[in-house]
Amino acid sequence: MAKLFSYGTLQLEKVQQGTFGRILIGNKDKLKKYTISYIKITNPKVIELSGTEIHPIIKYTGSTTDFVKGTLFDITDEELTRADDYEVNEYKRTELTFDSGIKGFIYLKK
């Protein structure tokens, strides 16, 4: 099992159903020293599934006043590969420690 932090469209049930074939279970968490901005994506499959071409993306600021709220989901290794397929080229997957002290994967700005 793996942990995946979502702060954007992977929190949407229709995206979870389309990407993983199920609704994910997770807990609210947050990531300190990061902030959210937005990008326009062009992948038609992702736009159709999410319902939007504007997606959030986070970047490191180092500021102790910045943080991003989201959900830390329990997923399988196979589902992690599916998440990689869903995310577009502007994102990179990395492993970080969240406010709860739990380590998990997250997609950040490249």
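The values are calculated or read from the model by the stated rules, or taken from the named source; none is laboratory data. Predicted model, so just to flag it, every value in this text is computed and none were measured. Neighbour counts run over all protein chains shown; Cβ positions are idealised from the backbone, glycine included. What goes into the accessible areas is simple: the full protein's heavy atoms, side chains included, and nothing from ligands, DNA or RNA. Shrake-Rupley method; radii C 1.70, N 1.55, O 1.52, S 1.80 Å.
What the table below lists for this structure:
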{"read-out": "Residue check, residue 85 touching a Leu at 6+ places or on another chain (Cβ under 6 Å) and among the charged types (D, E, K, R)", "value": "no"}
{"read-out": "Residue among 52, 64 that alone is touching a strand residue (DSSP E or B) at 6+ places or on another chain (Cβ under 9 Å), outside any strand (DSSP E or B), surrounded by fewer than 18 Cβ atoms within 10 Å (Cβ to Cβ) and in contact (Cβ under 8 Å) with a residue 24 or more places away in the chain", "value": "64"}
{"read-out": "Flag if residue 5 is open to solvent by less than 30 Å² (accessible area, probe 1.4 Å) and not β-branched (Val, Ile, Thr)", "value": "yes"}
{"read-out": "Test: residue in segment 40-48 that is of a type in the set (A, V, I, L, M), under 11 Å from residue 4 (Cα atoms) and in contact (Cβ under 8 Å) with a residue 12 or more places away in the chain", "value": "no"}
{"read-out": "Residue 41 being over 14 Å from the mean Cα position of the chain (by Cα) and crowded, with 16+ Cβ neighbours inside 10 Å", "value": "yes"}
